[in-house]
Structure formats: structure tokens, C-alpha cells
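The values are calculated or read from the model by the stated rules, or taken from the named source; none is laboratory data. Computed from a predicted structure; not experimentally measured. Reconstructed Cβ throughout: ideal geometry from the backbone, glycine too, with neighbour counts over all protein chains shown. All accessible areas refer to the heavy atoms of the entire protein, side chains included, with ligands and DNA or RNA removed. Shrake-Rupley method; radii C 1.70, N 1.55, O 1.52, S 1.80 Å.
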Amino acid sequence: MEFKVAEKFVSINGEGTKAGMPAVFIRLAGCNLCCSYCDTMWANGSDTPHEKMTETEIADYVRSTGISNVTLTGGEPLIADNVAVLLQALADTCAAVEIETNGSADISVCDGIIPRPSVTMDYKLPSSGMEKCMRHENFPLLRENDTVKFVSGSMEDLDRALEIIRKYDLTNRCRVFFSPVFGKIEPAEIVDFILENKLNGVNFQLQLHKFIWDPDKRGV
């Protein structure tokens, strides 16, 4: 199989449960959404510059780095044809595999992978313009090592995130993270919201890579 790789690089995880830890990133080209705040828009189109790599070539690259965490991201990786083949090849490297998905694609494909990758799934809130595309059927499929990420740009977003957390009992199902749309909301507003609503089990995060490097820098 061949996959459209928009970029591959080694950096640190900028967010999530492994924030600050080294990771190999494999970014596949193409996305089915167009979020208002997207910071990888350049990788989303059908004409995105990319190199075609087989699952074996990608897995060999991961092994060559000597890094034990690998993140498959995009774009939206779960819309790639035969993505299960790639996920299994990555799992076979013995690296800890994480897949970042936008919440609109079926995550059940991960259940057939041994060992199963961890899923970091966005829920797109109102300011994204893409909430209508969210696949609520994914919530029952989440496991304790998975993460739901709410990227918030307004108080309306935070209120909606709270509704979803309560409706699907997310803090008892998986990990939950809040983060700000960069430059759109003050981080302190999100922290205050978490504390005011006594959101035990919710983590606040900032995207480390946007503070270490230029926010628009690629390959980090």
C-alpha cells in the first residue's frame, strides 16, 4: 500500500498525555474538515505536496529514529485508504502508537490493531464551524488510554464542551483535555471555567511547540 506523507519528523509531543516527550510524527495529507482555526491547512488539500511511502517504508523510518513514541496525524489520517494496514505496521515497530483524529471519522478501525493504538480525538466546538460533522458514535468506543480534546475559542465553546462531557460521562471513560485556540481566548478563562465547574478529571494544556518555536513553524 502507498500513503501520502505530507511530512515526517522527530520532535517532542506538544500536547496530550505525553507532552514534552520525544515522538516521531507522521503527517498524512488530506482532510475532510475545514476548521476556522486550523493550523495545518497546508496539509489538508488534495493537492498537498507529499511523498508516497509504503507502510513498510514508514515503519522503517520510525525504527531508524530510535524514538519509542509515534504519532500518526494529519490532515485526517483515518480517511486514508487502508489506514489499518499502516496502523498495524506502526504497532509492529514496538513503538507506542497514537493516532490524532478530528472526531468525524470512525475510530473503530483501531480496535483491530494489536496492540491497539491510543486515540486522541478532537470534538470540534461551535467556533470551529465543524461541529455538525462530529461522529457521536465514537464516544462509546473510547477506552481509558484514549483522549478527547476540546479546543476552545470562546465561552460558548466551553459551555458546549461541558455539555458533551456530562452527556457521555467522558471523565469516567477516558482522558479529557481543554486547550485554547491560539490567540483567541485567554488561557486563564479556561482555567477559571474548569475550577468554577469543578471539572475533576479534566486537564488544561497549552501547545508547547507554539511557545518553543514560531507558532507557524513546520516540522516541530
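Here are the numbers:
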{"item": "Enumerated strands (runs of 3 or more DSSP E) restricted to region 50-166, each holding at least 1 residues that are under 21 Å from Lys8 (Cα atoms)", "result": "51-54, 69-73, 96-101, 118-122"}
{"item": "Hey, Arg166 crowded, with 17+ Cβ neighbours inside 10 Å, out of contact with any strand residue (DSSP E or B) (no Cβ under 8 Å at 6 or more places or on another chain) and more than 22 Å from Phe211 (Cα to Cα) or not", "result": "no"}
{"item": "Residue satisfying condition, being without any contact (Cβ under 8 Å) to a residue 40 or more places away in the chain, open to solvent by 20 Å² or more (accessible area, probe 1.4 Å) and closer than 29 Å to Leu206 by Cβ, within set Thr40, Thr93", "result": "Thr40"}
{"item": "From the options Val109, Val83, Val62, residue that is of a type in the set (A, V, I, L, M, F, W, C) and open to solvent by 40 Å² or more (accessible area, probe 1.4 Å)", "result": "Val109"}
{"item": "Failed item in (1) at pLDDT 95 or above; (2) open to solvent by 30 Å² or more (accessible area, probe 1.4 Å), with Leu28 passing the rest", "result": "(2)"}
{"item": "Single match in Ser118, Ser127 (criterion: in contact (Cβ under 8 Å) with a residue 12 or more places away in the chain, small (Gly, Ala, Ser), out of contact with any helix residue (DSSP H, G or I) (no Cβ under 8 Å at 6 or more places or on another chain) and buried (at least 20 other Cβ atoms within 10 Å of the Cβ))", "result": "Ser118"}
{"item": "Residue, most open to solvent (accessible area, probe 1.4 Å), within region 169-188, restricted to residues that are of a type in the set (D, E, K, R) and under 16 Å from Tyr37 (Cβ atoms)", "result": "Lys184"}
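Conditions (1) of a type in the set (Asp, Glu); (2) under 12 Å from the mean Cα position of the chain (by Cα), marked per residue:
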{"residue": "Gly112", "(1), (2)": "no, no"}
{"residue": "Val119", "(1), (2)": "no, yes"}
{"residue": "Asp122", "(1), (2)": "yes, yes"}
{"residue": "Pro126", "(1), (2)": "no, no"}
{"residue": "Asn138", "(1), (2)": "no, no"}
{"residue": "Leu142", "(1), (2)": "no, no"}
{"residue": "Thr147", "(1), (2)": "no, yes"}
{"residue": "Phe150", "(1), (2)": "no, yes"}
{"residue": "Ser154", "(1), (2)": "no, no"}
